[in-house]
Structures are given as structure tokens and as C-alpha cells.
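Chemist: My structure is below; once you've seen it, I'll send some questions.
The values are calculated or read from the model by the stated rules, or taken from the named source; none is laboratory data. The shown structure was predicted, so the numbers you read here are calculated from the model rather than taken from an experiment. Cβ atoms come from the backbone with ideal geometry, glycine included; neighbour counts cover every protein chain shown. For the accessible areas, the whole protein counts, side chains as well, though only heavy atoms, and no ligand, DNA or RNA atoms are used. Shrake-Rupley method; radii C 1.70, N 1.55, O 1.52, S 1.80 Å.
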Amino acid sequence: MKKNVLLFLLLICGLSFSQDKVKDKVYKKRVLESIEIDFLTSYYNQEGNNASVTGGIGNEDLQDFSPTIVVSIPLSDDDVISLDLGISTYTSASSSNGNPFDAGTNSDKTSSPWYASSGASKVDTWKNLNVDYSNSSDDRNTIITANISSATEWDYESLGFGAGITKLFNNKNTSVSLSTKIYLDKWIPIYPKELDAYLDAEGNTNSGYFANKTIFNQQGLSTNKWSPLKGFGLINDKSRNTYSISFLFSQILTKNTQFAFFIDLIKQQGWLANPLQRVYFSDLDNFYIGNPSSISIYTSKLNKDVFHLADDIERLPSTRIKIPIGMRFNYFLNENLTLRSYYRYYYDDWGINSHTLNLELPVKLSDKFTFYPSYRFYSQSKSDYFEPYDKLLSSSKYYTSDYDLSTFNSNQLGFGLKYVDIFTKFKIWDVGLKSIDLNYSNYKRNSDFKSSIVSMAVKFIID
Amino acid sequence: MKKFNQVKNLLLFFVLVNSSVSCASIKEYEKVNINDPDMELSQRQICRFETNFQLYREGSSGGNGGKVGGGCGCN
């Protein structure tokens, strides 16, 4: 009898245990239900008059087309892997003037900072692959991520890897994330043509590349006195590595409000200047190739056929510490209106301080369509090493005329329209259309720089 | 040093705000509005392209979930 009671109890326990297991299985929702495919693309256009390749003046026209595909695959109930493959093809007037002497408007084919030449650097394609993996715990309160990335472009290679952990607690009202990312990048340096040629000719401006070129001084008189800054040499450290640690804290405040606080600590090390970017010193004489009668109008867009020979390439410290800190705050105003806000304060040890404010007001037009206008304000102080064209001093250790490191502020207005069908009613075979997102943004600095971008994202679900 | 103190004060401010609010607890069934896709505490996926250009065209980077390295922005 006792044996039977014991067996009965064991059976009950066993059944309860197996039911618990079944129950667990039933209530464990998959992190990602099915395969998702995102097709993203953008067209970017910019205009400006402060090209850094030509020392802080010149044509900054640039067009970029970036198609990208992102495939997210559920490996199990808990694991998801994402493959992100993108290319970015651009045409840049500024980069084309790495060699301004190969196509222009006059007989010796010299261009000016204001006109694109047809050099190899005019067009390029950036190729990128990211692989992200995430694992969520059974209670979905712990998420572990890992990623690896690779990118190449004509003068640059990048290998990145990272990992992170997110913990949710307080009934998933609070979350804390810690992540790290390392990029091991390498320059394949391209130099301004005249500086490269100067080293090839071993400093003889009557031979090699310069043999059939006439160099003029500021007065338009022929001379062979030009040389780069004394001691000029090519870069010896081709690495540019980035190490970052990110901390994120997010909290649900009320049924309609949540916010996140973040701080990153970023350290960059290696050759942080761009070897293609020229600089000109105010305390050294100026020398030109091209049409000497255009020297007096060099800084004007009327100049089509004379080019100022570089004094040096930009040089910047080999380390940089960056600390961005800020928050996001989202408020669900009502069923039709949400406020999304973002603020970031940024500090680095090159002297740049910046403030970024972004506001977005998504308006639900129907259960499928959302219109989201946005506004972004950005303001930065200049780097300690920045001076405009021909204002740098040769006695300085570090110098740049890259206007991306100058003092400026910018305003950006954007509009987006998103279509979402959570039931994916529109289907082609087993592929359902989940969403279409269109976005346009217009960006304008308080200097001579403006840009616009049109982006589109289409998401499909495979059943 | 002054700039470092600014960062320190800002950090202290956020720590204080976080400590004062972290006790809030909203039940799962009360999170209908919080779970709305527009309430996500991250930037929209479609904004990745403009974030990349901002990274190259401005002196600042980081703090937005976007990349902090992995490209030269030479163009």
C-alpha cells in the first residue's frame, strides 16, 4: 500500500513537473517570431565652400547612394542573428582634388579648388558587413549581444567587434546596459598629388612629375623655390583604432512616459588626421601651378585654373578622448500624438564641446500611417587645432583646416511617413510586407554648408 | 578642468534624477502606450544614414546608438 502511495505521489510530482515544463514552453515567447528582411536605401547630397582636401576653401559637392539589406533570423526561441550588408557609392568634388592636375579647364589640365577634377579619388564605394548576435534569457530579463563588423573603402579598412549585456528588473520597468566596441582600422593613405610627387622626385621640382610643370609665386612669376614644410614626411602610423564603453540606463516613469540616460567613453588612437587633407600656413610663401593670372582670384569661384601647392597635410594628436553624455525622453501625449526628444552634451580633449537637441512629434494619421516631423539643433565649438585657409602657423605642432572641426551651429528639419501593417496582409508567396518608411531631412549650417537626404526602408516578414 | 567639471556636474545631475525615479513600477498590462513603437528609446532604423553623415560632418560622435568608429569620412 505504502509502495502504491509513494508511486502515486511520484507520478503526481512527475506530472506536475512535466506540466511546468510544458507551461514554460507555452509561455516562452520567441524573441523574434520569423525571419525579417529590411531593404534600406538613401540618397544624400551636400554643397559647401570649405573643402578640407583643398585646405579649407573649395567645392564640397558630394552625392552618395547607399543601398543596404538587413536580414534578421531567429536561431531559436532565444537567439537571433542579424546580417547587415551595405554599400555606399559616392561622387565627391573635394576628394577628386587629391590630384587637381589631371583634368581641368586649361591646357595643362590644372583645376582649382572650386572645380572637380577627374582623378581616381572622385568616386568610391564603401562596403560594409555587420553580424549581430543576441541571446535572451528564459525570463527575458538578461540579453547578451555580440557583434563583428568589417568595412573597406579606397583609403581605409576597418575591423570592429563588440559585446554587451542588458539587464531588466523592477518588472521590466528599469533596464541597464553595458556594451563595448573596438574598431581596429587601417589607413591605406592617399596623399595630395604634389606632396607625393615631391617625395618621388626627391625634392627636385625640375624633374619627375614637375618636369613639364611651371610653378609660380604669389606675384605670378616662375620659380622653383616651392617645397613642403621642412621635415615633411609620409605618415608612419597607419592604424586608427577606436575603443568605446557605453552605459545606458532606462526607466519607465509613468504609463505614458519613459526616459533613458546614456554615457559613452571613447578613446581613439593612431593616425587621427586625414593624409589627403592639405593645409596652408600664413607665415610661409604661396606657390601655384596653373594659370598665373588667376592667382589674384584664387579664393573666388571665378578661379577655374590655378591651384595652390600644399605646405603640408593636416596633423593632429595621436590620441583623442570623447565623452558624449545625454538622455532620451519620450511622452505618449494621446493616441494620436507622441513626443520623442533627445539631448546630448559632448566633450573631447581636442577642445570641441557640443550640444545636440532633437525633437520629433509622430502623428498617427490612421492605424497604419504615421507622419513624423522632426527638428534637430546642433552647436559646437572649434577644435584647438583648427584655423581657416591660409591662417595656420607653421610653428604649431598640430593643425587642420577641416571645417567639420570649426565652430558652427546647424539646423535640420525632417519629415517622415511610415506605413505599418502588423498583420502583413499584402503577401507575395510567403513574404509579407510589414512596413514602409520614407524620410526626408534638410540640414543647414550657419556657414556655407547645406545637405539633404532622402531615405527609404521596407520591411518584409517571411512566414 | 572647467569642461571636465561641467561633465561631472551633468553626470551627477543624471544620477540624482535616476535615483529619484527608479522606484516606479508599471504593470505589464498598463504598458500599452509605453509599448507603442513610437515610444522606443532609440533612434529610428531609417535615421542610420543621416546619423552616419552627422558623424562625419560634425566634430562630435557617440551617444546615439550609432557607430563611433569604423570609417574615415574622407569624402
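Chemist: For a quick size check, give me the Cα extents of segment A:44-114 along its three principal axes, largest first, whole Å.
Modeler: So the three principal-axis extents are 67, 21, 16 Å.
Chemist: If you don't mind, another one. What's the average, rounded to a whole number, of partner chain beta-carbon atoms within 10 Å of each residue's beta-carbon in B:27-38?
Modeler: Numbers: counts 3, 3, 0, 4, 6, 3, 12, 11, 1, 8, 7, 14.
Mean partner-chain Cβ count within 10 Å for B:27-38: 6.
Chemist: Of A:Lys322/A:Lys391; A:Lys127/A:Lys459; A:Lys230/A:Lys397, which sit over 18 Å apart, Cα to Cα? Mind showing how you got there, number by number?
Modeler: Details: A:Lys322/A:Lys391 27 Å; A:Lys127/A:Lys459 22 Å; A:Lys230/A:Lys397 13 Å.
In this structure, A:Lys322/A:Lys391; A:Lys127/A:Lys459 lie more than 18 Å apart at Cα.
Chemist: Taking the convex hull of the Cα atoms, report for segment A:79-222 its projected area averaged over all directions, in nm². Could the numbers behind the result be given before it?
Modeler: Details: hull surface 52.8 nm².
Result: 13.2 nm².
Chemist: Over all alpha-carbon pairs of segment A:273-367, lay out the pair-distance distribution in 5 Å bins, whole %, shortest bin first.
Modeler: Spelled out bin by bin, segment A:273-367 gives 3, 10, 11, 10, 10, 8, 8, 10, 9, 8, 7, 5, 3, 0 percent.
Chemist: Using the scaling law 2.2 N^0.38 Å as the reference, what is the normalised Cα Rg of chain A?
Modeler: The reported ratio for this selection is 1.26.
Chemist: For segment A:192-335, divide the Cα radius of gyration by the Kirkwood radius and give the resulting Rg/Rh value with two decimals. Before the final figure, lay out the partial values.
Modeler: Numbers: Rg = 24.9 Å, Rh = 19.5 Å.
Taking Rg over the Kirkwood Rh, I get 1.28.
Chemist: How much length, in nm to one decimal, is gained on full extension between A:Phe423 and A:Arg30, taken as 0.36 nm per residue of separation minus their Cα-Cα distance? The partial results should precede the final answer.
Modeler: Numbers: separation 393, 0.36 × 393 = 141.48 nm, distance 1.73 nm.
Working it through step by step, the gained length comes to 139.8 nm.
Chemist: Please give the length that would be gained between A:Tyr440 and A:Ile235 if that part of the chain were fully extended, namely 0.36 nm times their separation in residues minus their C-alpha to C-alpha distance (nm, one decimal).
Modeler: Values: separation 205, 0.36 × 205 = 73.80 nm, distance 3.95 nm.
Answer, rounded to one decimal: 69.8 nm.
Chemist: In Å² (nearest 100), what accessible area is buried between A and B, both sides summed, heavy protein atoms only, 1.4 Å probe? Write out the running numbers ahead of the final one.
Modeler: Working: alone 24390 and 7230 Å², together 25310 Å².
It comes to approximately 6300 Å² buried between A and B.
Chemist: Which peptide among A:266-273, A:440-447, A:332-339 comes first, and what is the full order, when sorted by highest mean count of other Cβ atoms within 10 Å? List each step's numbers first, then the result.
Modeler: On the way: A:266-273: 18.9, A:440-447: 16.6, A:332-339: 14.2.
Taking the mean over residues of other Cβ atoms within 10 Å, the ranking is A:266-273, A:440-447, A:332-339.
Chemist: So what's the projected area for segment A:201-272, the Cα convex hull averaged over all directions, in nm²?
Modeler: Numbers: hull surface 43.1 nm².
So the Cα hull casts an average projection of 10.8 nm².
Chemist: Shifting gears a bit: Could you work out, residue by residue across A:169-175, how many beta carbons of other chains sit within 10 Å of that residue's beta carbon, and then give the average as an integer?
Modeler: Numbers: counts 1, 5, 6, 5, 10, 6, 1.
Mean number of neighbouring Cβ atoms from other chains: 5.
Chemist: Still on this structure, I have one more. For the pair A:Ile144 and A:Ile182, how long in nm is the line joining their label points, each one 7 Å along Cα→Cβ?
Modeler: 1.8
Chemist: Using a simple spin-label model with points 7 Å from Cα along the Cα→Cβ vector, what separation in nm is obtained for A:His355 and A:Tyr43?
Modeler: 3.7
Chemist: Expressed in nm to one decimal, what extension gain is obtained for the pair A:Leu85 and A:Ser396 from 0.36 nm per residue of sequence separation less their Cα-Cα distance? Write down the numbers at each step before the final one.
Modeler: Details: separation 311, 0.36 × 311 = 111.96 nm, distance 4.23 nm.
Length gained, A:Leu85 through A:Ser396: 107.7 nm.
Chemist: At a threshold of 8 angstrom on Cα-Cα distance, excluding pairs fewer than six apart, so keeping six or more, what relative contact order does chain A reach in percent?
Modeler: Working: 1224 pairs, mean separation 62.9, N = 463.
Computed value for chain A: 14 percent relative contact order.
Chemist: Using a 10 Å cut-off around each Cβ of peptide A:266-274, what is the average number of partner chain Cβ atoms that fall inside?
Modeler: On the way: counts 5, 0, 3, 0, 0, 0, 1, 0, 3.
Mean shielding count: 1.
Chemist: Return one whole number: the accessible area per residue of segment A:216-339 in Å², for a 1.4 Å probe. Mind dumping the intermediate values first?
Modeler: Working: 5070 Å² over 124 residues.
Result: 41 Å² of accessible area for each residue.
Chemist: Given bins 10 angstrom wide, list per bin the percent of all Cα-Cα distances in segment A:382-463, short to long.
Modeler: Binned Cα distances yield the sequence 15, 25, 18, 16, 14, 9, 3.
Chemist: OK, next. What is the spin-label model distance, in nm, from A:Phe329 to A:Lys127 if the labels are put 7 Å beyond Cα along the C-beta direction?
Modeler: Taking the simple label geometry, A:Phe329 and A:Lys127 are separated by 4.6 nm.
Chemist: Taking all protein chains as present, what is the carbon and sulfur share of the accessible area of segment A:31-462, in % to the nearest whole number, probe 1.4 Å?
Modeler: Values: 10650 of 18300 Å².
Carbon plus sulfur share of accessible area: 58 percent.
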